[in-house]
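A short write-up of the structure that comes next.
The values are calculated or read from the model by the stated rules, or taken from the named source; none is laboratory data. Keep in mind the model is a prediction, meaning the values are calculated, not measured. A quick note on method: Cβ atoms are made from the backbone with ideal geometry, for glycine too, and the neighbour counts reach across all protein chains shown. Side chains are part of the model used for accessible areas, which takes the heavy atoms of the whole protein and leaves out ligands, DNA and RNA. Shrake-Rupley method; radii C 1.70, N 1.55, O 1.52, S 1.80 Å.
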Amino acid sequence: MRSVKKKGILADLREGLIHRLFQTSGLMVIAILLGIIALLLYTSVPAFREIGLREFLTSTRWDPTSPEKPEYGFLSMLASTIMVTIGAMVISFPLGVAVASYLSDVAAPKVREIVKPIVELLAAIPSVVVGFIGITLVGPLIARVFNLSHGLNALNGSLLLAIMALPTIISISEDSLNAVPVSYVEASLALGANPWETLIKVKIPAAASGIIASLMLGMGRAIGETMTVLMATGNARAFPSGFLQSVRTLTANIAIELGEVPYYSTHYYALFALGLVLFLITFFINLSADVILEKQKRKLQ
Amino acid sequence: MVNTNLKTVGQTKILVENLNLFYGQKQVLENINLSIPENQVTAIIGPSGCGKSSFIRALNRMNDLIPEARIEGKILIDEENIYDRDIDLVALRKKVGMVFQKPNPFPKSIFDNVAYGLKIGSNHNRADLEKIVEKSLRQAAIWEEVKDRLNQNALKLSGGQQQRLCIARALAVEPEIILFDEPCSAIDPIATARVEELIHQLKTEFTVVIVTHNMQQAARISDFTAFLWLGELIEYDRTEKIFTNPANKLTEDYVTGRFG
Amino acid sequence: MKNSVRKSSKNLRGQLTQFLGFLVLRLSVCFILFILLYFFYDIFINGHQTISWEFLSQPPRKGMTEGGIFPAIFGTFLVTLITTAIAVPLGMAAAIYLNEYARTDRLTRLIRLSIRNLAGVPSVVYGLFGVILFVNLLKLGTSVLSAGLTLALLTLPWTITASEEALKTVPDSYREGALALGATKWQMIRTNVLPYSLPGMLTGAILGLARAAGETAPIMFTGAAFYLPFLPASLRDQFMALPYHLYIMATQHHAIDKARPLAYGTALVLVVFVILFNLTAVILRSRLRGKWKN
């Protein structure tokens, strides 16, 4: 007859301590996210105070190093970012959904097992390498096709970003298509629809919200991409007027100017304000995509 | 009223008083009162979903792992309420061993599987470990089959052997009570016979509680049988009484195979 | 009248649409595979002549128009090492908390939400964060340490996710079995969960680090240098890195044409490195799959 009462508190203390230790590592993630928000805000505030929120948000001119009158309007860069991103999505969304459909509905398991890692490899190519390809391969191609002096423009950026957003769009869309209950598919097939009709009329509509989320996450990826656009879009400061013009996105501008700016100058703070804008845009896009995916998960369960 | 006073037998090892178990909003066990005698085999029978697995998992507090599980009432083992705040879960689980439905040997060697409970608790020297491992494997009637390959991975054993290994593993920490949660549901009939024989022998040293959906099994190996139905204890008595002359109509219908 | 179920011209149209539809899907896949392979082909064709022992083992010479990339290889190796030393243990610890300890309450949901959002934060924003926190506030300066810390934050969400995936492959029966034998929670994790999930965790770590090694934006303001005649001697020194070196060689060089072969060579080294890491991870993963099921 052994008693099972506690002999001391040491063991409890030890286990409790270990628990707290792991919990702290978990909480750290929240701390990092909050830290990013806090420090970006904190460093942006002087910019808004010194420049004025109005100029920052409404001016299209960004010329911080002008000796006469430095200007800090972010609209041109925002427009460039949006333009390049939309261009990228127009290409990669249909392509991505097509590949996702192929992987989920058409490919034989063996083919799938080969194609999927290759698509994942696409996500692994460093963005600086993609940018390099933009300079050496895509740029000259665009120049030749449109008869331009060089091919470093918005179109180049869109083409490259399309490739970079593909893995995200493909994997999230494929997950959503695979999450469609088998019973839907069986019902459709039993009514005499062929697999193509089932894909188009049943599976894609049922997975629609997940596919939209994949588009948003792909967009988030494209908006935040730095090196590729920095290297391939030409970086002209003017307000974008067409896809064959050089443009400068938010990310590219930060990358170009942060290396040369004196710490704690208005210009320095202004770059963090751009960073804050960038963070907020991607944060809300990702958050919305997250909400959509959660909802879909609950609906399909 | 259920007869919980079985005065004719020896010491009460486990006394369950007014036990209620909830998973979230759902009540799984309702007001269970039961006394389980020492050195006897007590079987818990009932249709699936009646709460018998939940009941046996309350006896070594494995239900604690389920976040939404909530318990009311008392379970006294040797007159200590195991749901008291000052209970040492490690000591409890060493005292109350458990063998699971599906054999779950760890992907370690046969030796390390049996020695697992000893190694985590304290420092044993190699010679001691070897002695206890051999003793436990002998008790679990598997020593002859594995003595030449103690370093082999346990996952290579057959299902029946794996289950006896798990019994040996539970015995190695020298429990006083062993809980079996449908120990034969995942192994073949010949292996089942060996495990049943083993359980029967174990009662000389241990108090055994076994959950089974197999009524023949309960009849063959147990001394006492409790019949659970929809979370309630319908009848509890000597096994022969339950199977030959049950007091309750529901019990009779169940043991004669009219439902279940 | 009995309806025949043989193939007939009646459903010919449906079959044709299906054929064409699937053809479009197949062509999309072929298109992407073609682009990917063409990328690799282009880099290989233009880069392989540059690769030599000298290229891999020597520093750049003559204003980076000759010589090799050894300092950049070394720097990338060093910064990845620092990233690993920070991100992998932290990521594992957070994953252990989420998978083994955390209950599904609000706090846990908040942690998971933060992880998913951190994974979507643009890499240049991590760079900005690194500049404020590590370079300026913590006064680490532009150094390989600041860059490593910045990359560690960037990789953390991937490391956590991969580690949690690995923990999920360990069957619950191992956990129950250990607890039923009187193991404490930590003993159970240490002796009966971690040993079996460690290979999977490391596979995930490899993938995350391959990505970190290829990142440019987070390190270009926190520690990476244009050109350094010396290897970094301490963690407070600046360093050269492969991806940043490629960026410099491709866009910032005074003699772009002369530097082009070197840039191709650098790109090839970077790509081969990434592919090797991914291949290792894919092979490891397929070997590990289902290993613990009995």
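General remarks:
Condition check ((1) more than 11 Å from chain A (Cβ to nearest Cβ); (2) crowded, with 20+ Cβ neighbours inside 10 Å; (3) in a loop (DSSP other than H, G, I, E, B)) across all residues:
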residue	(1), (2), (3)
C:Arg112	no, no, no
C:Tyr126	no, yes, no
C:Phe129	no, yes, no
C:Gly141	yes, no, yes
C:Ser146	yes, yes, no
C:Ile160	no, yes, no
C:Leu167	yes, yes, no
C:Gly177	yes, yes, no
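- Counting residues in region A:167-179 that are open to solvent by 10 Å² or more (accessible area, probe 1.4 Å), farther than 22 Å from A:Arg248 by Cα and of a type in the set (A, V, I, L, M) gives one or more.
- Some residue of region B:40-63 being open to solvent by 20 Å² or more (accessible area, probe 1.4 Å) and facing another protein chain (nearest Cβ under 8 Å): no
- Residue in region B:91-100 that is more than 9 Å from every other protein chain (Cβ to nearest Cβ) and in contact (Cβ under 8 Å) with a residue 40 or more places away in the chain present: no
- Cross-chain or 6+ apart pairs with Cβ under 8 Å, region A:185-206 first and open to solvent by 60 Å² or more (accessible area, probe 1.4 Å), then of a type in the set (Gly, Ala, Ser) and not in a helix (DSSP H, G or I): A:Lys201/A:Ala193
- Residue match in region A:52-61 (condition: surrounded by fewer than 18 Cβ atoms within 10 Å (Cβ to Cβ), out of contact with any Lys or Arg (no Cβ under 8 Å at 6 or more places or on another chain) and within 14 Å of chain C (Cβ to nearest Cβ)): no
- Failed condition for B:Ile221, given (1) open to solvent by 30 Å² or more (accessible area, probe 1.4 Å); (2) closer than 25 Å to B:Arg194 by Cβ; (3) in contact (Cβ under 8 Å) with a residue 12 or more places away in the chain: (1)
- Summed over region A:121-160, the residues that are free of Cβ contacts under 8 Å to residues at least 40 places away in the same chain, small (Gly, Ala, Ser) and either under 17 Å from C:Ala217 (Cβ atoms) or in contact with a helix residue (DSSP H, G or I) (Cβ under 9 Å, 6 or more places away or on another chain) (or both) give a count of 3.
- Here C:Thr84, C:Thr104, C:Thr150 are screened, and the one residue that is more than 11 Å from chain A (Cβ to nearest Cβ) and out of contact with any helix residue (DSSP H, G or I) (no Cβ under 7 Å at 6 or more places or on another chain) is C:Thr104.
- Test: residue in region B:137-152 that is of a type in the set (S, T, N, Q) and touching a Cys at 6+ places or on another chain (Cβ under 9 Å): no
- Every pair of residues 6+ apart whose Cβ atoms lie under 7 Å, when the first sits in region A:2-27 and is open to solvent by 80 Å² or more (accessible area, probe 1.4 Å) while the second is outside any helix (DSSP H, G or I): A:Arg2/B:Glu176; A:Lys7/B:Asp88
- Hits in region C:129-143 - residues which are in contact (Cβ under 8 Å) with a residue 60 or more places away in the chain, in contact with a Gly (Cβ under 9 Å, 6 or more places away or on another chain) and closer than 17 Å to A:Tyr42 by Cα: C:Gly130, C:Phe134, C:Val135
- Residue check for C:Thr17: within 8 Å of chain A (Cβ to nearest Cβ), surrounded by 13 or more Cβ atoms within 10 Å (Cβ to Cβ) and of a type outside the set (A, V, I, L, M): yes
- Inter-residue pairs, beta-carbon under 8 Å, first under 20 Å from A:Lys116 (Cβ atoms) and touching a residue at least 12 places away in the same chain (Cβ under 8 Å) and in region C:21-44, second open to solvent by less than 20 Å² (accessible area, probe 1.4 Å) and of a type outside the set (Gly, Ala, Ser), 6+ apart: C:Phe40/C:Val271
- Of everything listed in (1) assigned to a helix (DSSP H, G or I); (2) facing another protein chain (nearest Cβ under 9 Å), the single unmet condition for B:Lys135 is (2).
- Every residue from region C:206-241 that is assigned to a helix (DSSP H, G or I) and either without any contact (Cβ under 8 Å) to a residue 12 or more places away in the chain or open to solvent by 10 Å² or more (accessible area, probe 1.4 Å) (or both): C:Ile206, C:Leu207, C:Leu209, C:Arg211, C:Met220
- Looking only at region C:225-247, and only at residues there that are out of contact with any Gly (no Cβ under 6 Å at 6 or more places or on another chain) and within 10 Å of chain A (Cβ to nearest Cβ), the one that is farthest from C:Leu133 (Cα to Cα): C:Leu246
- Residues being open to solvent by 30 Å² or more (accessible area, probe 1.4 Å) and free of Cβ contacts under 8 Å to residues at least 40 places away in the same chain - total across region A:91-105: 1
- Residue in region A:220-229 that is out of contact with any Leu (no Cβ under 8 Å at 6 or more places or on another chain), assigned to a loop (DSSP other than H, G, I, E, B), open to solvent by less than 30 Å² (accessible area, probe 1.4 Å) and at the interface with another protein chain (Cβ under 9 Å from one of its Cβ atoms) present: yes
- When A:Val84, A:Val45 are checked against the criterion of being loosely packed, with under 15 Cβ neighbours inside 10 Å, in a helix (DSSP H, G or I) and not aromatic (Phe, Trp, Tyr), A:Val45 stands alone in meeting it.
- Considering the conditions (1) at the interface with chain C (Cβ under 9 Å from one of its Cβ atoms); (2) not in a helix (DSSP H, G or I), A:Gly96 is excluded by exactly one of them, (2).
- Helices (runs of 4 or more DSSP H) fully within region A:104-204 counting 3 or more residues that are of a type in the set (D, E, K, R): A:109-124
- Within region B:64-77, the residues that satisfy the criterion of being out of contact with any Asp or Glu (no Cβ under 8 Å at 6 or more places or on another chain) and more than 14 Å from chain C (Cβ to nearest Cβ) are B:Ile71, B:Glu72, B:Ile77.
- Residues satisfying the stated conditions in region A:269-301, i.e. of a type outside the set (A, V, I, L, M, F, W, C) and facing chain C (nearest Cβ under 9 Å): A:Gly275, A:Thr282, A:Asn286, A:Asp290
- Checking each residue of region B:159-172 against the condition of being touching a Ser or Thr at 6+ places or on another chain (Cβ under 8 Å), surrounded by 24 or more Cβ atoms within 10 Å (Cβ to Cβ) and in a loop (DSSP other than H, G, I, E, B) gives no match.
- Unmet requirement for B:Arg258, which otherwise passes all of (1) part of a helix (DSSP H, G or I); (2) open to solvent by 30 Å² or more (accessible area, probe 1.4 Å): (1)
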